[in-house]
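Rule-based calculations on the coordinates, nothing more; no lab input. In this text, all values refer to a predicted model and were calculated from it rather than measured experimentally.
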Amino acid sequence: MSRPLIGIPMYSNINDPQRRRLNYSGTSTYSRALDLNGGLPVFIPLELDEQSLREIYTKLDGLLLSGGVDVHPQHYGEEVESFCGEIDPLRDATELTVTRWALADKKPVLAICRGVQMLNVASGGSLHQDIESQHPDPIAHRSVSHLETEAPHTIAIAPGSRLAHAVGTTTWVTNSYHHQALKHVPDYMHITARASDQIVEAVEGDDPSVYVLGVQFHPEMMVDDDARAHGIFRDFIGACQ
């Protein structure tokens, strides 16, 4: 049996003031986690015309939305606040398009960190542009220095959920690297995990026959230290076959 082809949209260096040319990049932890668990990863370039993007998309068995910078608030009807972070409009455009195609076509989607935020926005939801500024009494979801270092915390996972089945537990200590979070979640998405401050840590689609899972943490960075993280990728790749 051939391995399922999983598309991962890339990101750009459009905000780098020192760049000599526009580059697209992909992060190896995602492709490695897919490869380790039976998936065949492929990175999707940005700025393709719709026909070219559609031709790539139709060949995919599943879509993985990875972590990264902030989703532009214009996509959920808000202005950019001072506490909003870096935005990659090229990535936003590609991810919104392929995510909406995948949801319409019932193609499996796994969304991680920024990815779950994009999934929520593409579904008609909204975001807290900054947890510390907009959510009451938050716990630490990123390091105090606001650098790319881990702020681990416990999440409570709904019993019987896809996530609980995949990782085999309803209480899990996960990593945390984000400053934005889901605010309004559409009715056809179910919240299936939260942190102790009630920040949403996972959502799933309302149709159990269609694989849609978004997590606010980074399981691809946990696969070498916690075998349960592999369960998320195995479950996703199984749905793509």
For the chain, what D do you get in µm² per second when you plug the Kirkwood radius from alpha-carbon pairs into Stokes-Einstein at 10 °C and 1.306 mPa s?
-> 89
Convex hull per residue volume in Å³, alpha carbons only, for segment 138-241 = 100
Counting only DSSP beta bridges with both residues in the chain, what percent are antiparallel, rounded to the nearest 5?
-> 55
Once the Cα gyration tensor of segment 1-122 is found, what semi-axes does its equivalent ellipsoid get, as square roots of 5 times the eigenvalues, in whole Å, sorted largest first?
-> 24, 17, 14
Using a/c under 1.5 as the rounded threshold, could you call segment 55-153 rounded, prolate or oblate? The axes a ≥ b ≥ c are square roots of the C-alpha gyration tensor eigenvalues, and prolate needs a/b larger than b/c, oblate otherwise.
-> prolate
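Eigenvalues of the Cα gyration tensor times 5, then square-rooted: what semi-axes does that give for segment 199-241, in whole angstrom, largest first?
Working: eigenvalues 74, 46, 7 Å².
Semi-axes, largest first: 19, 15, 6 Å.
Would you compute, from DSSP H runs of 4+ residues alone, the mean residue ellipticity of the chain at 222 nm, taking -39500 (n - 2.57) per run and dividing by the full residue count, rounded to the nearest 500?
Working: 7 runs with 68 residues, N = 241.
Calculated from helices alone, the mean residue ellipticity at 222 nm is -8000 deg cm²/dmol.
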Could you give P(r) for segment 11-65, binned at 5 Å from zero, as whole percent values over all Cα-Cα pairs?
-> 4, 16, 22, 21, 18, 13, 6, 1
Contour minus end-to-end for Gln134 and Glu86, with contour as 0.36 nm per residue of separation and end-to-end as the Cα-Cα distance?
-> 15.5 nm
